[in-house]
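Chemist: One structure, pasted below without further comment.
The values are calculated or read from the model by the stated rules, or taken from the named source; none is laboratory data. Since the structure is predicted, the reported quantities are computational estimates derived from the model, not experimental observations. Counting neighbours? That spans all protein chains shown, and the Cβs are built from the backbone with ideal geometry, glycine included. Each accessible area value is taken on the protein alone, full model and side chains, heavy atoms only, with ligands, DNA and RNA left out. Shrake-Rupley method; radii C 1.70, N 1.55, O 1.52, S 1.80 Å.
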Amino acid sequence: MKRLLIVVVCGVCVASLLGVAAAQFARTEDAVRYRQSTMFLIGQHFGRIGEVVQGRKDFEPAAVAKNADLVATFARLPWDAFMVPGSDSGTQMRGAALSDSDGFKAAAANSEKETAKLAEVAAAGNLDAIRAQFGVVGQSCKACHDKYRGR
Ligand code: ASC
């Protein structure tokens, strides 16, 4: 009985170590919801910065800095949720994100890097510099979407 317990416990430990991304989510649909929720939040807060850099809203440096900080934080979150096998089914995610996971991770890392830089630039409060880095972040979003997001 004791031996069986040890075997079961060890089995669970090994399974959880091997599971990596999948193990972080109880169900495939949790991974989908997690990344879609995160992307929604990124869109909301990046969009608010967009309204300012495009001249549709007044420039309030503290508000832009807060939004950029949130975008940089959220941009660190969703990538593992794309690495769950089968989670592309019925979503806008293309299977290429899984089959070319190195390319996907590189594109994700670039977005993390550029959003972190946007947060830094926004904290300094120069609108022209914010506008320029906003464009760089937008390109990093687009580069990934072009390859790994369906329409
Ligand atoms: C956005 C948004 C995206 C990106 C992308 C940048 O504001 O919702 O998906 O920027 O359009 O090219």
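Chemist: Assuming R0 = 30 Å, what is the FRET efficiency of PHE59 and ASP102, from their Cβ-Cβ distance, to the nearest 0.05?
Modeler: Efficiency for this residue pair is about 0.15.
Chemist: Right, next: Below 14 angstrom from the Cβ of ALA23, what's the summed charge of the other residues (Lys, Arg +1; Asp, Glu -1)?
Modeler: Residues near ALA23 contribute -1 overall.
Chemist: Hey, rough spin-label estimate for ALA109 and GLN24, points 7 angstrom out along Cα→Cβ, what's it come to in nanometres?
Modeler: Rounded to a tenth, the inter-label distance reads 1.6 nm.
Chemist: Would you kindly compute the Cα radius of gyration of region 19-77 and its largest Cα-Cα separation (Dmax), both in Å?
Modeler: Radius of gyration, then largest Cα-Cα span, for region 19-77: 14.9, 47 Å.
Chemist: Sticking with this structure for a sec: Mind checking the dipole of the chain: about its Cα centre, +1 per Lys or Arg Cβ, -1 per Asp or Glu Cβ, Debye to the nearest 20?
Modeler: About 380 debye.
Chemist: Given H placed 1.01 Å from N in the peptide plane, which residues other than close sequence neighbours of ARG149 have an amide H under 5 Å from its amide H?
Modeler: Under 5 Å from the amide H of ARG149: ARG94.
Chemist: Net charge within 12 Å of GLN139 by Cβ-Cβ distance, Lys/Arg positive one each and Asp/Glu negative one each, not counting GLN139 itself?
Modeler: Overall, the nearby charge balance is -1.
Chemist: Could you tally the net charge around PHE46, taking each other residue with its Cβ under 15 Å from the Cβ of PHE46, Lys/Arg +1 and Asp/Glu -1?
Modeler: +4
Chemist: To the nearest 0.05, how large is the calculated FRET efficiency for ASP128 and LEU77 if R₀ is 35 Å and r is the Cβ-Cβ distance?
Modeler: It comes to 0.75.
Chemist: Also: Restricting attention to region 39-74, which chymotrypsin sites (Phe, Trp or Tyr not before Pro) occupy a DSSP loop and are surrounded by at most 16 other Cβ atoms within 10 Å?
Modeler: Here the sparse-neighbourhood loop sites are PHE59.
Chemist: Run through all the Cα pairs of the chain and give the fraction in each 5 Å bin from 0, expressed as whole percent.
Modeler: Percent of Cα pairs in each bin: 2, 9, 16, 18, 15, 12, 9, 7, 4, 3, 2, 1, 1, 0, 0.
Chemist: Over the Cα atoms of region 81-134, what radius of gyration and what Dmax do you get, in Å?
Modeler: For region 81-134, the Cα-based Rg and Dmax read 15.5, 44 Å.
Chemist: Let me ask another. Helix-only mean residue ellipticity at 222 nm, the chain, DSSP H runs n ≥ 4 weighted -39,500 (n - 2.57), per residue, nearest 500. What is it?
Modeler: The helix-only estimate for the chain comes to -25500 deg cm²/dmol at 222 nm.
Chemist: Please name which of ILE130, ALA62, ALA81 has its Cα lying farthest along the dipole of the chain towards the positive end, using unit charges on Cβ (Lys, Arg +1; Asp, Glu -1) and the Cα centre as origin.
Modeler: The listed residue farthest towards the positive side: ALA81.
Chemist: Rounded to a whole number, what % of the accessible area of the chain do carbon and sulfur atoms account for, probe 1.4 Å?
Modeler: Answer for the chain: carbon and sulfur cover 58 percent of the accessible area.
Chemist: If only Cα atoms are counted, what is the Rg of region 32-110, and what is its Dmax, in Å?
Modeler: Both quantities, over Cα of region 32-110: 14.9, 44 Å.
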